[in-house]
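Note sheet for the following structure.
Values quoted throughout were computed directly from the atomic coordinates according to the rules given, and no laboratory measurement underlies them. Remember, predicted model here, so these are calculated numbers, not experimental data. Using ideal geometry, Cβ is built from the backbone for each residue, glycine included, and neighbour counts are taken over all protein chains shown.
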Amino acid sequence: MKVTPTPPFSRPLEVPTGPPAAKAPSEDGRFTIDDIICPFQRAAFNEGVLKADADGNVTNLKEVLQKYAGASWLMAGIGVHAAKKLTAGSDWAAFQANSYNLQDLEGSSLDHLADSQILRGGFHADRLEKALSFSSDGKRLTLADLRAFQQENLAEEPDRNSETFGAAEFALLVKVFGRIDGEGTKFIRNQDLVTLYRDAKWPQDWEPPKPGSLNLLSTVGAVSEYLSDKNEPTREQGLSSQTTKASSGTCPFLSGRPFDVEEAAKQHRDKLA
Ligand code: HEM
């Protein structure tokens with residue numbers, strides 16, 4: 001019998017190898033963490049900050065988006081409205097609703113093809129491995145690496161709308177949980193991806209983005225950066241784009257984003273002497 005986990009809990013580090021559940025998480029009528037197909041909300045729930053009742057109803061997404069994703073008041077409002085609409089069905093009903101249900105993410109209008117499939121119908125270690133295999137250096141996934149991964153997912157499940165949704169999700173992933181290196185390359189550490197997707201935990205040493213830093217403008221910027229020519233779909237091109245950024249001049253460590261201390265020290269070795 002499957003036991004409904006009570007947050008906060010940590011998923012076992014071992015990869016589940018048993019037979020697939022008879023019914024998809026969205027179809028069994030009971031709320032479990034496997035109903036949450038969004039890695040951000042899944043970790044927020046497991047960390048005990050996104051509060052859901054026994055059926056998966058949530059009323060505090062706005063506060064969570066503001067506090068843990070750095071979402072501006074408007075961005076958080078848009079996210080909450082989108083979530084409520086999934087459960088309520090229409091914009092009007094969503095305006096009147098005060099909650100949404102996490103079980104309604106799967107199979108919703110926001111659920112799309114060509115996703116990573118890591119959380120599709122429960123956690124899939126093989127798909128996480130696949131995502132990690134796109135890491136150019138075995139330690140991190142740059143925007144270019146993620147784009148290459150997304151391109152492969154699109155080849156597997158071609159769908160134009162899914163490309164846009166997926167781009168927005170990966171861009172947000174790096175914006176909220178990512179870092180920037182001395183050459184201006186934005187990335188998420190492989191270990192952080194594992195922590196988020198497999199363990200449903202906030203990454204180690206992670207600090208939420210500055211309040212208000214996730215706003216309409218910065219989101220559009222993040223998505224277009226993800227989609228831009230600088231982040232080409234192949235790993236080789238991705239690496240060459242990183243070289244181009246090295247000459248861009250501005251110090252990324254001063255941009256207010258989280259960065260690797262080791263990397264910063266390496267880049268500023270001359271000034272530290
Ligand atoms: C800033 C906060 C958020 C971040 C960083 C984030 C990140 C992501 C990422 C990276 C995925 C891709 C999953 C994959 O392909 O592996 C995803 C999926 C998803 N997210 Fe979020 N998300 C956020 C907020 C939200 C909100 C507010 C909603 C509800 C309106 C939402 C609904 C979904 C849904 C339905 C999916 C599944 C899409 C699919 O795989 O078909 N997310 N999210």
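Does the stretch 63-142 classify as rounded, prolate or oblate by the C-alpha gyration tensor (a ≥ b ≥ c root eigenvalues; a/c under 1.5 gives rounded; else a/b over b/c gives prolate, otherwise oblate)?
Here the stretch 63-142 falls in the oblate category.
Find the centroid of the Cα atoms in the stretch 111-141 and in the stretch 56-74, then give the distance between the two in whole Å.
Answer, in whole Å: 25.
Local charge sum around Phe177 (other residues, Cβ-Cβ under 10 Å, Lys/Arg +1, Asp/Glu -1)?
On the way: positive: Lys175, Arg179, Arg189; negative: Asp192.
Surrounding charge for Phe177 is +2.
All other residues with a Cβ under 10 Å from the Cβ of Ile37 taken together, and with Lys, Arg as +1 and Asp, Glu as -1, what is their net charge?
Working: positive: Arg42, Arg120; negative: Asp34, Asp35, Glu106, Asp111, Asp115.
With Lys, Arg at +1 and Asp, Glu at -1, the neighbours total -3.
Which whole-Hz couplings ³J(HN,Hα) result when phi for each residue of the stretch 132-140 is put into the Karplus expression 6.51 cos²θ - 1.76 cosθ + 1.60, θ = phi - 60°, listed in order with x for Gly and Pro?
These are the phi-based 3J(HN,Hα) values: 5, 5, 8, 5, 5, 10, x, 10, 8 Hz.
So who's got an amide H within less than 5 Å of the one on Asn57, skipping anything under 5 residues away but keeping other chains? H placed 1.01 Å off N, in plane.
Leu102
By how many nm would the segment from Lys139 to Glu156 grow when fully extended, if each residue of separation counts as 0.36 nm and the alpha-carbon distance is taken off? Write down the numbers at each step before the final one.
On the way: separation 17, 0.36 × 17 = 6.12 nm, distance 2.52 nm.
Fully extending the segment from Lys139 to Glu156 adds 3.6 nm.
Spelling out what I want: for every residue of the stretch 53-69, take phi, set θ = phi - 60°, compute 6.51 cos²θ - 1.76 cosθ + 1.60 (Karplus), and round to whole Hz; glycine and proline get x.
7, 4, 9, x, 7, 10, 10, 10, 4, 4, 4, 5, 5, 5, 7, 10, 10
Which of the residue pairs Lys139/Lys175; Lys186/Lys210; Lys84/Lys186; Lys130/Lys201; Lys139/Lys186 have a Cα-Cα distance greater than 24 Å in the structure shown? Spell out each step's value before the answer.
Working: Lys139/Lys175 18 Å; Lys186/Lys210 17 Å; Lys84/Lys186 31 Å; Lys130/Lys201 20 Å; Lys139/Lys186 13 Å.
Distance filter (> 24 Å) returns Lys84/Lys186.
Once amide H atoms are built 1.01 Å from N in the peptide plane, which residues 5 or more positions from Leu214, or in another chain, come under 5 Å H to H?
It is Ala71, Ser72, by chain and number.
Give me the extension gain from Arg30 to Ser218: residue separation times 0.36 nm, minus the current Cα-Cα distance, reported in nm with one decimal. Please list the in-between numbers first.
Details: separation 188, 0.36 × 188 = 67.68 nm, distance 3.70 nm.
My answer for the length gained is 64.0 nm.
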